[in-house]
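J.: Starting off with a structure, shown below.
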Ligand SMILES: NC(=O)c1ccc[n+]([C@@H]2O[C@H](COP(=O)([O-])OP(=O)(O)OC[C@H]3O[C@@H](n4cnc5c(N)ncnc54)[C@H](O)[C@@H]3O)[C@@H](O)[C@H]2O)c1
């Protein structure tokens with residue numbers, strides 16, 4: 001029997017490239033598609049001689065077809081605030097047209113489907129921690145809405161294809177994830193602090209730094225995706241690390257791990273910046289037997305060599 005074939009959209013991105021590695025490890029032949037808007041071929045450099053892997057540069061916002069596949073993992077979408085603010089229309093298109101095209105492939109070939117959604121679906125949450133049953137508190141017209149609403153629409157489209165076209169879909173709501181292959185300048189907390197600490201610059205903390213975040217190391221996150229891909233759950237599942245840190249605590253851990261003498265500087269809070277964000281992972285625990293294993297300090301240490309090279 002020939003090995004199963006998986007399509008990974010956004011395969012040259014941070015999470016997509018790690019997912020390609022994991023799927024090859026699971027015995028898949030992998031086709032990664034990406035238009036390199038925010039991803040980099042360098043993230044897939046180590047796979048260039050692997051005959052089980054195929055990279056195609058294309059824009060999923062246009063209809064495309066890469067032949068029969070057994071699984072579609074839809075990860076293509078600008079994801080960091082810097083990227084989606086700069087590429088607002090592309091982000092809305094990836095959430096709508098791109099998601100439609102990825103779902104059409106799953107429908108055409110009878111493939112299973114998993115979409116990367118986000119904790120941003122919860123907006124600035126009024127419920128804490130956030131369970132999958134919480135519908136969110138999102139500003140539909142604010143600067144972040146190009147991402148938040150695109151992702152909420154992607155979820156609606158995915159459930160629509162599941163209900164009307166019987167596509168075998170899954171939705172993962174990803175919370176802040178960090179690790180090697182993240183872009184240094186993408187404005188997310190960990191790469192930002194790492195870059196500043198390693199370059200001896202001040203660490204910029206927005207507001208007073210008391211807003212909390214939870215950070216999941218990439219290997220834990222990918223493990224959650226693989227487990228969910230094997231399950232029959234069609235409703236969204238949170239995958240993220242529930243251990244909360246204030247932004248200030250995170251800055252201090254980065255200073256400790258890097259051994260940097262940088263100072264912490266406070267700057268005004270951006271509009272619609274969530275004050276708290278933390279997953280309730282009861283569902284992932286009970287349904288998938290999943291929970292994160294890597295704590296923040298260990299994950300920062302495991303990422304250090306990558307960020308050192310990137311910060312040069
Ligand atoms: N990293 C996180 O913490 C996080 C959190 C929540 C959700 N997510 C979701 O996970 C997915 C991957 O995020 P990431 O952090 O790896 O971001 P990323 O920017 O590194 O990866 C996204 C990839 O999609 C590609 N892409 C964008 N538009 C495309 C298009 N029209 N056609 C083809 N390729 C296109 C980009 O070039 C990039 O390689 C996204 O859907 C994102 O919304 C990530």
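J.: Please name all residue pairs, on different chains or six or more residues apart, with Cβ atoms under 6 Å, provided the first residue is in segment 159-184 and is more than 21 Å from residue 307 (Cα to Cα) and touching a residue at least 24 places away in the same chain (Cβ under 8 Å) and the second residue is in a loop (DSSP other than H, G, I, E, B) and more than 15 Å from the ligand (Cβ to nearest atom).
T.: 161/167; 162/234; 169/234
J.: In addition: If I ask for residues that are surrounded by 15 or more Cβ atoms within 10 Å (Cβ to Cβ) and under 30 Å from residue 260 (Cα atoms), which ones from segment 279-294 would you list?
T.: Across segment 279-294, the qualifying residues are 292, 294.
J.: Please specify each residue of segment 14-37 satisfying the condition of being more than 8 Å from the ligand (Cβ to nearest atom) and assigned to a strand (DSSP E or B).
T.: Residues satisfying the conditions are 29, 30, 31, 32.
J.: Let me ask something else. I'd like the full set of residues that are more than 22 Å from residue 270 (Cα to Cα) and either more than 9 Å from the ligand (Cβ to nearest atom) or buried (at least 24 other Cβ atoms within 10 Å of the Cβ) (or both), limited to segment 78-95.
T.: 94, 95
J.: Sticking with this structure for a sec: Any residue at all in segment 96-119 that is more than 26 Å from residue 238 (Cβ to Cβ), assigned to a loop (DSSP other than H, G, I, E, B) and within 11 Å of the ligand (Cβ to nearest atom)?
T.: Within segment 96-119, none of the residues are more than 26 Å from residue 238 (Cβ to Cβ), assigned to a loop (DSSP other than H, G, I, E, B) and within 11 Å of the ligand (Cβ to nearest atom).
J.: So, residue 147, is that one touching a residue at least 12 places away in the same chain (Cβ under 8 Å) and either on the phi > 0 side of the Ramachandran plot or within 16 Å of the ligand (Cβ to nearest atom) (or both) or not?
T.: When the stated conditions are applied, residue 147 passes them.
J.: Restricting to segment 36-70, and then to whatever is free of Cβ contacts under 8 Å to residues at least 40 places away in the same chain and buried (at least 18 other Cβ atoms within 10 Å of the Cβ), can you tell me which residue is nearest to the chain's Cα centre (by Cα)?
T.: Across segment 36-70, the extreme among qualifying residues is 39.
Quick note: the coordinates plus some simple rules give every number you see, no bench work behind them. If you're wondering where the values come from, they're calculated on a predicted model, not measured in any experiment. Because the Cβ atoms are built from the backbone with ideal geometry, glycine has one as well, and the counts that use them run over all protein chains shown.
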